[in-house]
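Each remark here refers to the structure printed beneath this line.
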Amino acid sequence: MSSVNIPPPECMLRPLEVPYRYLFGPGPSNVPPRILAAGARPIIGHLHTEMYEIMNDIKRGIQYAFQTNNHMTLAMSGSGHTAMECAVFNTVEPGESVLVSINGVWGERVAEIAERMGAKVHTMVKSPGGYFTTEEIEKALAKHKPVLFFLTHGESSAGLAHPQVGSGEHNCLFLVDSVASLGASPLLMDQQKIDILYTGSQKALNAPPGTAPISFNERACHKMFNRKIKPVSYLLDMTHLSNYWGNDSKSAREYHHTGPVSGFFALRESLAILAEKGLENSWRQHREVAEYLWKGIEDLGLKLFIKDKDLRLPSVTTIAIPDGYDWKELLAYMMKHHQVEMTGGLGPSIGMVIRVGLMGYNCSKFNADKALTALADALKHCPKRRG
Ligand code: PMP
């Protein structure tokens with residue numbers, strides 16, 4: 001008699017099926033064959049010397065993409081949220097003051113992360129599409145005297161590229177989210193005096209989701225390595241991660257966790273593609289394709305959510321939901337008839353926008369036309385109700 005009384009599930013006896021989709025939302029974006037092939041290379045051990053070489057290459061690739069000389073540069077095993085938590089958990093201790101600017105969902109998330117680990121969280125809030133002036137930031141910093149100030153560079157929920165990142169002098173650590181903007185909109189970590197910067201693998205870098213580059217400068221390292229108590233997370237503790245990435249003074253790397261080996265192969269390849277292309281070419285390409293897309297959207301009679309061109313995020317465009325339409329019907333139509341993914345808003349921008357992302361490999365006029373054709377077709381066929 002078998003002790004196995006739960007049979008193999010039906011679904012597991014069928015082959016895996018994955019459709020081809022045009023990922024024109026805010027991420028993940030389509031992964032080019034070269035990066036897919038890198039991820040399909042045979043696995044090696046996460047502690048093999050060849051893997052250390054690949055991790056060293058990744059560090060160099062991130063330093064180029066971030067424009068930083070920071071030694072403490074690495075990739076998180078996990079998505080963008082892992083980097084958000086790593087940044088906050090390591091640099092803030094319970095009871096310390098944190099200032100978070102919120103102009104979309106990402107500030108909301110960071111505020112919650114900081115609150116959960118016991119920080120005293122202060123927020124500055126604008127509705128989606130809004131941004132913070134240097135004066136507003138300086139005033140809030142003087143009032144709350146935080147140890148950490150957070151700002152989102154590319155607010156993907158609103159489609160906003162924040163102006164003046166780093167123009168003020170911050171008497172605290174300055175943490176910036178570039179998950180949706182890295183490689184698409186100019187950002188220079190060292191020159192803009194950003195203390196901690198992170199991004200994600202799955203947007204303009206076009207790697208599969210699941211790894212997240214992050215970098216800490218000397219000031220950030222000083223704060224996080226002189227704590228009174230250990231960070232709340234073992235997995236995200238930078239004393240361990242810095243060793244895993246060969247960034248500490250120990251002569252040997254020790255086992256901490258098993259990194260996503262295939263994910264790191266793919267991330268290396270995506271950073272290599274960016275290095276070959278050149279950051280400035282990548283920024284230019286995103287801006288040119290975005291302008292082409294913006295014109296096409298306006299030619300369809302639609303309105304862009306961010307009025308000022310210079311405030312628009314080139315990687316994620318937000319369209320004001322056209323009068324009379326149900327945005328969910330438009331999205332469902334494009335998915336069903338064109339295999340095109342666009343998405344609605346997120347957090348405070350839900351019901352305000354439709355989001356179109358053309359990032360990295362997806363960033364071409366050809367794909368902009370594909371997105372515009374799908375949109376035009378959806379507008380033609382979805383019911384328009386008069387209110
Ligand atoms: N920040 C921004 C600006 C983002 O666009 C995203 C992903 N949409 C994240 C953070 C979170 O990244 P992830 O989904 O990889 O955890």
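The values are calculated or read from the model by the stated rules, or taken from the named source; none is laboratory data. From a predicted model like this one, the values you see are computed outputs, not experimental measurements. Here Cβ is always computed from backbone atoms with ideal geometry, including for glycine, and neighbour counts include all displayed protein chains.
Below is a table of values for the structure above.
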item: Residue within the range 105-121 that is within 16 Å of the ligand (Cβ to nearest atom), part of a helix (DSSP H, G or I) and touching an Asp or Glu at 6+ places or on another chain (Cβ under 7 Å) present; result: yes
item: The range 76-104 - residue that is of a type in the set (A, V, I, L, M) and within 12 Å of the ligand (Cβ to nearest atom) and, of those, nearest to G263 (Cα to Cα); result: M76
item: Failed criterion for P383 (all others in (1) modelled with pLDDT of 95 or more; (2) in a loop (DSSP other than H, G, I, E, B) hold); result: (1)
item: Any hit, the range 319-336, residues being among the hydrophobic types (A, V, I, L, M, F, W, C) and closer than 28 Å to F66 by Cβ; result: no
item: Scan of the range 178-235 for residues that are within 16 Å of the ligand (Cβ to nearest atom), surrounded by fewer than 24 Cβ atoms within 10 Å (Cβ to Cβ) and within 18 Å of E85 (Cβ to Cβ), ordered by number; result: P209, G210, S233, L235
item: Meets criteria (farther than 27 Å from F132 by Cα and touching a residue at least 40 places away in the same chain (Cβ under 8 Å)) for D326; result: yes
